[in-house]
Amino acid sequence: MGLAPSFASVDKIIKPILFVLCLIPLFFIVFIAVQHVNPIEYFLDQTGLWALRFLLITLCITPLRKLSKWYEMIRFRRMLGLYSFFYAVLHVSTYIIFDQSLDISSIIKDIEERPFIMVGFFAFILLIPLAITSTNAMMRRLGGKRWQALHRLVYLIGIAGVLHFWWLAQSKVKLGEPFIYAICLALLLLVRYPPIMARLAKL
Ligand code: HEM
């Protein structure tokens with residue numbers, strides 16, 4: 001047995017701890033939002049940021065498990081991906097319910113004025129089938145190959161998420177932060193290139 005935590009300890013100890021840790025950002029977002037001058041805008045921005053952060057963290061798992069050889073790490077991937085979806089649901093519902101007061105015509109007008117919102121919608125729609133098919137039963141039903149092909153959509157979602165952020169920041173002339181996310185995403189996509197992946201596995 002290696003030094004890496006075993007199958008049982010991953011499931012019984014590390015997973016519940018990780019589950020709680022992933023809720024900490026939400027706790028802080030709510031805590032700060034209620035004291036904020038513009039709580040809805042703050043909540044909207046922060047949940048969007050955390051949806052993107054969890055997406056990128058999820059994409060770190062494959063290269064990290066190859067580097068660390070702690071293969072059990074794969075058992076965290078689904079939870080992290082679902083947390084990205086969870087923060088995205090909070091982000092989108094805040095926009096539709098509180099920012100736009102459930103007014104479809106106002107949303108359409110907003111999309112016409114700020115097309116980056118359309119890219120957000122696109123990313124969110126693509127996240128839905130991934131969340132639905134994240135269970136073991138769905139994985140078996142689809143079969144490994146088809147499941148994997150579907151879940152490759154995560155790369156497109158990552159690109160759309162960063163583009164959504166970039167486009168918004170461009171209008172505010174604040175490109176520093178989305179630039180960092182774009183670099184992280186580019187690196188995470190690059191390490192998936194087979195020759196680089198093979199080298200990582202040999203380290
Ligand atoms: C239906 C889907 C979506 C809609 C309608 C939407 C809408 C919005 C809106 C209105 C903002 C704030 C704009 C402002 O501050 O003026 C925003 C910001 C943001 N959204 Fe989305 N979004 C969607 C999906 C997503 C998804 C799926 C992600 C991530 C994967 C995401 C990540 C972000 C980020 C990172 C920001 C910037 C936060 C900041 O300024 O600090 N959004 N979105």
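The values are calculated or read from the model by the stated rules, or taken from the named source; none is laboratory data. Model, not experiment: these values are computed from the prediction. For accessibility, only protein heavy atoms count, side chains too; no ligands or nucleic acids. Shrake-Rupley method; radii C 1.70, N 1.55, O 1.52, S 1.80 Å.
Points to keep in mind about this one:
- Protein accessible area in the chain, 1.4 Å probe - carbon and sulfur %: 73 percent
- Listed residues Val89, Val34, Val154 arranged by accessible area, highest first, probe 1.4 Å: Val34, Val89, Val154
- Rule-of-thumb Rg ratio for the range 40-127 [Cα; 2.2 N^0.38 Å; N residues]: 1.32
- Rolling a 1.4 Å probe over the heavy atoms of the protein chains gives the chain an accessible area of 61 Å² per residue.
- Three semi-axes describe the equivalent ellipsoid of the chain; taken as square roots of 5 times the Cα gyration tensor eigenvalues and ordered largest first, they are 32, 20, 18 Å.
- Spatial separation of Cα centroids for the range 135-156 and the range 46-100, in angstrom: 17 Å
- For the residues Glu112, Glu41, a 1.4 Å probe over the protein chains yields an accessible-area ranking, largest first, of Glu112, Glu41.
- Kirkwood hydrodynamic radius (C-alpha pairs) into Stokes-Einstein, the range 75-185, 10 °C and 1.306 mPa s, D in µm²/s: 103 µm²/s
- Hz values of 3J(HN,Hα) by residue in the range 134-146 - Karplus curve (6.51, -1.76, 1.60), Gly and Pro given as x: 7, 7, 4, 4, 5, 5, 5, 4, 6, x, x, 4, 5
- Accessible surface, 1.4 Å probe, highest first, among residues Met138, Met118: Met118, Met138
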